[in-house]
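Notes follow once the structure below has been shown.
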Amino acid sequence: MNIGVIVTIAGPAHTESDGVKGSPRKRIEKAKATSQLLMGSAAASCDVLGQSITDRVVARLRSFGAQRISIISEGKLAACTATSANASLYRAGSTPGFWPAWDSVVSDYLTQGIETLLLVRLGPYVELDLLDLLRFHGETASPLTQVYKGQIALDLVVVDAAPLRNGTGSYRSRLSALIPQRQRYAFTGYANRLAEPADFRRLVHDALLGRCAIRPVGREVRPGIWYGVNARVDRSATILAPAFLGAETCVEASCTISGASSLERQCEVDYGTTVDDCCVFPGTYLGMGLNVRHALVKGSRLFHLNRDIEVELSDSRLIGTTAPSRQLGRRARSVLAPNGTFGSSLVTRSSQLASLLTTRRFGRSS
Amino acid sequence: MVIKLPEYVSAKEARSFMRALQPELRRDRPRVVVDMSAVKDMDTAALDMLLECMSQVARRDGAVKLAGISPQAATVLELTRMDQIFEMFPTVSEAASSFKVARVDTLSDEASPQPAVA
């Protein structure tokens, strides 16, 4: 399949630039004014049942035979790891900016002899049948096809390479010139706009109930209950299906996980806490005896779905990140020796290290 | 007594709150309404403060009621299950009225010359 894919992860800066008059992205009808920012980061970079949305989209495109995939992001690309490892990653947040980066990728593709370009903006999560879209695009005489779900334009466009290759001006302006000739492709599969936190929660819920193609990354230990690698659950904890516990996540004694909740990787749920109808983002600590319901929790930030409000808690004994263990690791390394090897200073500093470990084991200091 | 909590409630604000509470605690059956309409963030010191307040007031046969709870405060109270401990009212006046209703009930019981016996 001689197709080049450009996956765009819109960050805050890019979202603002969408409003610039004359921008082709503005002129292509797209999902209505959605920033796709979820608790401070792009929804596309957030993990859903053990893998980021971007990685899942890239894996899906690869399953249809798309080999050349480039990801342009204005935010962090840290979440794009697993399946995106072979994709070209561009961070456009620094100079020269989004459009020069985009033009550069298009130029590379055209040089490589790509015949068709697929432009995907994340954003919305769409379980696209790429082959059917390309078949539709091939059958129409239009150089540009845009995907629609009902009357809503999804941020998916197929465009012929030839008019981009043969036109004049920047590739951006050549793309703009094709927009009046676009055809509509009616998409009937699963799509989620991911415009609000409730949409993200619904995506996780749908995935756990098998309503979409997203499958948890982990082992199904009981029907509807998945554990990632090295997830630990105390024997006295109650996990009600469906539920997902990500890799290295720890659920302490007397906890209850229910209501199709997901706890992504490296989370810690402390003694006696109830988690119901929640999405807990990677590296989040939930303190002892809490009642966490109808919420998205990311570090110290909690979005309450019923109240439609985000609260940031300053007290890490309630909710926070599991970062203290990493801090401990760093401090422990510095205590051991500057170069990471055991030195003579270990003897004199051993009590300090023991104190640190005791703090970690028996209680969290404020 | 109505005490309004500030936007951010931590150890320092908790100490101020407990100091402000002292005159009321010298009374018999203290009645305290905590106005939480401005609260944006509260930590465990604030939660300890509310529990300590409730404990001290209860010792004198009084009551503490929370009023005008902001969505942020409501979220923290629910998170820590403290919403199940305290009586909560939409406004300060409703919380204060609830005390009056209780007082009227008590007075009417005392005033009535045991009609059931008669």
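The values are calculated or read from the model by the stated rules, or taken from the named source; none is laboratory data. Just so we're clear, the structure is a prediction, and the values are computed from it rather than from any experiment. Counting neighbours? That spans all protein chains shown, and the Cβs are built from the backbone with ideal geometry, glycine included.
The residues of segment A:295-309 that are buried (at least 18 other Cβ atoms within 10 Å of the Cβ) and among the aliphatic types (A, V, I, L, M), listed by number, are A:A295, A:L296, A:V297, A:L302, A:L305.
Kindly indicate whether any position in segment B:48-62 is closer than 14 Å to B:F99 by Cα and surrounded by fewer than 14 Cβ atoms within 10 Å (Cβ to Cβ). Yes: segment B:48-62 contains one or more residues that are closer than 14 Å to B:F99 by Cα and surrounded by fewer than 14 Cβ atoms within 10 Å (Cβ to Cβ). The one condition from (1) among the small types (G, A, S); (2) away from chain B (no Cβ under 14 Å); (3) outside any loop (DSSP other than H, G, I, E, B) that A:A295 does not meet is (2).
Among the residues making up segment B:39-62, those that are assigned to a helix (DSSP H, G or I) and either among the aliphatic types (A, V, I, L, M) or at pLDDT 95 or above (or both) are B:A45, B:A46, B:L47, B:M49, B:L50, B:L51, B:M54, B:V57, B:A58. Exactly one residue out of B:R31, B:R27 is surrounded by fewer than 16 Cβ atoms within 10 Å (Cβ to Cβ) and away from every other protein chain (no Cβ under 13 Å), and it is B:R27. Is it the case, given these coordinates, that B:A45 is of a type in the set (G, A, S) and touching a strand residue (DSSP E or B) at 6+ places or on another chain (Cβ under 6 Å)? So B:A45 does not fit the description; no. Checked against (1) in contact (Cβ under 8 Å) with a residue 24 or more places away in the chain; (2) among the charged types (D, E, K, R); (3) within 14 Å of another protein chain (Cβ to nearest Cβ), A:R265 passes all but a single condition, namely (3). Taking the condition surrounded by 20 or more Cβ atoms within 10 Å (Cβ to Cβ) and within 20 Å of A:R68 (Cα to Cα), does A:R121 pass? Spelling it out, A:R121 is indeed surrounded by 20 or more Cβ atoms within 10 Å (Cβ to Cβ) and within 20 Å of A:R68 (Cα to Cα).
Return the only residue of A:L203, A:L209, A:L194 being more than 20 Å from A:H304 (Cα to Cα) and either among the β-branched types (V, I, T) or touching a residue at least 24 places away in the same chain (Cβ under 8 Å) (or both). Reasoning before the result, please.
On the way: A:L203 fails: more than 20 Å from A:H304 (Cα to Cα); A:L194 fails: more than 20 Å from A:H304 (Cα to Cα).
Answer to the selection: A:L209.
Going through A:R184, A:R172 one at a time, which residue ends up being in a strand (DSSP E or B) and over 20 Å from A:G50 (Cα atoms)?
Working: A:R172 fails: in a strand (DSSP E or B).
Of the residues listed, the single one that is in a strand (DSSP E or B) and over 20 Å from A:G50 (Cα atoms) is A:R184.
Select, from A:E252, A:E220, the only residue that is over 28 Å from A:A43 (Cα atoms) and under 28 Å from the mean Cα position of the chain (by Cα). Can you show your working first?
Values: A:E220 fails: over 28 Å from A:A43 (Cα atoms).
Criteria check complete, one pass: A:E252.
With the structure loaded, tell me whether B:V76 is part of a strand (DSSP E or B) and either within 11 Å of the chain's Cα centre (by Cα) or within 11 Å of another protein chain (Cβ to nearest Cβ) (or both) or whether it fails that test. Criteria not met by B:V76.
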